[in-house]
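The values are calculated or read from the model by the stated rules, or taken from the named source; none is laboratory data. Not measured: the values here are computed from a predicted model. Cβ coordinates were reconstructed from backbone atoms using ideal geometry, including for glycine residues, and neighbour counts include every protein chain displayed.
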Ligand code: SF4
């Protein structure tokens, strides 16, 4: 995978939102949601990003393409060019290369526009086509994502959840991007529809040479689609490895606990579930030392005071941040 070259490189990315003031004269405390994250995404691969709700994975994905208004620091490079410092105007031309598929297809589609109008608007904004050429392209896109071209004049409410997600995918690929952030693209869908959408994403990746950052909390879905997987906890990546390696040889206690919760497909076979203490703390209450220590089943006294660094465990890119490996 690494021979294919880096498409996206992220170094020490931090994302925070201004918090509420503490008292009348107090300064607002920043809410640190992503806390020093570094990773690469290689051309043509799918990097899965998993973790519990609230761990910062969606905020990270949105920060990469400048959605919302958080304060973002750190370095982001795309195709070898640093893009973190460029102005919003220049960044807008890059948005063609970097698209996003959202979790809630209904919420992300304009209810007042038909599919044809919505996709036509995207093509117009990016200078890809108008008039008859745009119509042809839209019909082609509908066909590619498995929708009937007769749907051109239908509104979002006339579609099922799976069809709406296909429209969301058509909108993302309409501008011929290289990189797509898929933010929980199937978690709002029925299980039977989920596999159809995942297979569509896989087919599009193969046919269009796409690269994905696939954000999800369902580890089975992530295993199926990802070449590599990064595990996030409280705003940090705590483990990253090739998918097979991570699922067969997890190192971080948090990853082990997450994997132990996946139901075993073989009837009768038993897997010991690792239960974690308590819930994920909020970003305003990040524990000292290793932030996982209050919930870690193998924490030692040292874990309260010393913060582990993400480090290589072998030569195959398997990294974890845990004092057990230092
Ligand atoms: Fe658990 Fe300590 Fe490792 Fe953190 S550093 S994951 S608390 S063993």
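So the values come out like this:
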| item | result |
| --- | --- |
| Subset of region 311-323 [touching a residue at least 40 places away in the same chain (Cβ under 8 Å) and either more than 16 Å from the ligand (Cβ to nearest atom) or in contact with a helix residue (DSSP H, G or I) (Cβ under 9 Å, 6 or more places away or on another chain) (or both)] | 313, 316, 317, 318, 320, 322 |
| Single condition residue 217 does not satisfy, out of (1) in contact with a strand residue (DSSP E or B) (Cβ under 8 Å, 6 or more places away or on another chain); (2) at pLDDT 95 or above; (3) under 22 Å from residue 280 (Cα atoms) | (2) |
| Residue in region 201-210 that is crowded, with 20+ Cβ neighbours inside 10 Å and over 29 Å from residue 314 (Cβ atoms) present | yes |
| Out of 273, 295, sole residue that is touching a helix residue (DSSP H, G or I) at 6+ places or on another chain (Cβ under 7 Å) and either under 27 Å from residue 47 (Cα atoms) or assigned to a loop (DSSP other than H, G, I, E, B) (or both) | 273 |
| Filter result for residue 246 (surrounded by 19 or more Cβ atoms within 10 Å (Cβ to Cβ), under 21 Å from residue 40 (Cβ atoms) and either without any contact (Cβ under 8 Å) to a residue 60 or more places away in the chain or away from the ligand (no atom under 16 Å from the Cβ) (or both)) | no |
| Region 274-294 residues that are at positive phi and free of Cβ contacts under 8 Å to residues at least 60 places away in the same chain, paired with ones that are surrounded by 10 or more Cβ atoms within 10 Å (Cβ to Cβ) and in a helix (DSSP H, G or I) (beta carbon under 9 Å, 6 or more apart) | 289/302; 289/303; 289/304; 289/323 |
| Residue check for residue 258: outside any loop (DSSP other than H, G, I, E, B), under 20 Å from residue 37 (Cβ atoms) and within 15 Å of the ligand (Cβ to nearest atom) | yes |
| Test set (1) part of a helix (DSSP H, G or I); (2) within 20 Å of the chain's Cα centre (by Cα) - residue 207 fails condition number | (2) |
| Qualifying residues in region 219-233 (those that are touching a residue at least 60 places away in the same chain (Cβ under 8 Å) and out of contact with any helix residue (DSSP H, G or I) (no Cβ under 7 Å at 6 or more places or on another chain)) - the one surrounded by the fewest Cβ atoms within 10 Å (Cβ to Cβ) | 222 |
| For residue 264: the one exception among (1) surrounded by 11 or more Cβ atoms within 10 Å (Cβ to Cβ); (2) without any contact (Cβ under 8 Å) to a residue 12 or more places away in the chain; (3) away from the ligand (no atom under 16 Å from the Cβ) | (1) |
| Members of region 126-150 found to be within 23 Å of residue 107 (Cβ to Cβ) and surrounded by 19 or more Cβ atoms within 10 Å (Cβ to Cβ), listed by number | 138, 141, 142, 145, 147 |
| Matching residues, region 269-299, being within 12 Å of the ligand (Cβ to nearest atom), over 23 Å from residue 29 (Cα atoms) and surrounded by fewer than 13 Cβ atoms within 10 Å (Cβ to Cβ) | 277, 297, 298 |
| Residue among 188, 172 that is surrounded by 17 or more Cβ atoms within 10 Å (Cβ to Cβ) and modelled with pLDDT under 95 | 188 |
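For (1) without any contact (Cβ under 8 Å) to a residue 24 or more places away in the chain; (2) more than 24 Å from residue 92 (Cα to Cα), each residue gets a yes or a no:
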| residue | (1), (2) |
| --- | --- |
| 130 | yes, no |
| 141 | no, no |
| 148 | yes, yes |
| 156 | no, yes |
| 162 | no, yes |
| 173 | no, no |
| 182 | no, no |
| 187 | no, yes |
| 193 | no, yes |
